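Following: one structure in structure tokens, then a few remarks.
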Amino acid sequence: MVISQAHWDALVAHARETAPNECCGYGRARDGRVEEVYRGKNVLGTSQRFGFWLDSDSLFRAYELEEQGFEILVYHSHPPIPAEPSQTDINLAKNPDWRFVIVSLTDEQAVRCWWIKDGRVEEEDVTVDR
């Protein structure tokens, strides 16, 4: 996945603003290149420090973008832990055609991309286009 520095910065900024809670959102891409990211609302709010549930309006817009031929990514943050899918993330990943992007705010801020299909997890390299 190729992401611009501006989009990378936007994901990290969203994660910082919602920490210690998890943020979430979605994005569109073509040929593995992120074209736009959109903030979503974590409907879990502050009721749970860990976990996210992307709001239905954002999910609807993501499905619309997919119908228009875009590749879809869903992102969320793991503020205090590495940007690796938790078992909950794996269990909730229902669309095998979507990228799952996780933002970490640990000492080394990271934006990592994952494919989750049938409980199997594979990382995709992330290249920041400066």
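How much length would be gained if the chain were fully extended between LEU44 and ILE81, taking 0.36 nm per residue of separation minus their Cα-Cα distance, in nm to one decimal? It would help to have the intermediate numbers written out before the result.
Values: separation 37, 0.36 × 37 = 13.32 nm, distance 1.88 nm.
Length gained, LEU44 through ILE81: 11.4 nm.
P(r) of the chain in 5 Å steps, Cα pairs, percent per bin?
2, 12, 22, 26, 23, 12, 3, 0
Of all the accessible heavy-atom surface of the chain, with the other protein chains kept in place and a 1.4 Å probe, what percent is carbon and sulfur?
Numbers: 3380 of 7150 Å².
In the chain, the share of accessible area belonging to carbon and sulfur is 47 percent.
Residue separation times 0.36 nm, minus the C-alpha to C-alpha distance between VAL121 and GLU64: what's the value?
18.0 nm
Tell me the net charge near ASP97. Cut-off is 11 Å between Cβ atoms, ASP97 excluded, with +1 for each Lys or Arg and -1 for each Asp or Glu.
On the way: positive: LYS94, ARG99, LYS117; negative: GLU66, GLU71.
With Lys, Arg at +1 and Asp, Glu at -1, the neighbours total +1.
Along the positive direction of the dipole of the chain (beta-carbon charges: Lys, Arg +1; Asp, Glu -1; about the Cα centre), which of PRO82, MET1, PHE70 reaches farthest?
The Cα lying farthest towards the positive end belongs to PRO82.
Compute the longest continuous run of the chain that contains no exposed chymotrypsin sites (Phe, Trp or Tyr not before Pro); treat a site as exposed when its DSSP state is not H, G, I, E or B and it has at most 16 other Cβ atoms within 10 Å. Walk me through the numbers on the way to the answer.
Working: sites that count: PHE50, PHE70.
Between exposed loop sites, the widest span is 71-130.
Go through segment 122-130 residue by residue and turn each phi into a ³J(HN,Hα) via Karplus (6.51, -1.76, 1.60, θ = phi - 60°); whole Hz please, and just put x for glycine and proline.
10, 7, 10, 4, 10, 10, 8, 8, 8
For the chain, what's the relative contact order in percent, using C-alpha pairs closer than 8 Å and at least 6 residues apart? Don't jump to the answer; show the numbers that get you there.
On the way: 273 pairs, mean separation 34.6, N = 130.
Relative contact order comes out at 27 percent.
Once the piece of chain linking GLU35 and ASP9 is laid out straight, how much longer is it, given 0.36 nm per residue of separation minus the C-alpha distance between them? It would help to have the intermediate numbers written out before the result.
Working: separation 26, 0.36 × 26 = 9.36 nm, distance 1.38 nm.
Contour length minus the Cα-Cα distance gives 8.0 nm.
Given +1 on the Cβ of Lys and Arg, -1 on the Cβ of Asp and Glu, and no further charges, what dipole in debye does the chain carry about its Cα centre, rounded to the nearest 20? Let's see the in-between values first.
Values: 14 positive and 23 negative charges, 59 e Å.
Charge dipole of the chain: 280 debye, to the nearest 20.
Under 5 Å between amide H atoms, partner at least 5 residues away or on a different chain: which partners does HIS78 have, H built in plane at 1.01 Å?
Long-range HN contacts for HIS78: VAL103, SER104, LEU105.
Kindly work out what percent of the DSSP beta bridges joining two residues of the chain are antiparallel, to the nearest 5. Let's see the in-between values first.
Details: 24 of 34 bridges.
For the chain, the DSSP antiparallel bridge percentage is about 70.
The values are calculated or read from the model by the stated rules, or taken from the named source; none is laboratory data. Quick caveat: nothing in here was measured; it's all calculated off a predicted structure. We place every Cβ from the backbone using ideal geometry, glycine too, and count neighbours over all the protein chains shown. Side chains included, ligands, DNA and RNA excluded: accessible areas come from the protein's heavy atoms. Shrake-Rupley method; radii C 1.70, N 1.55, O 1.52, S 1.80 Å.
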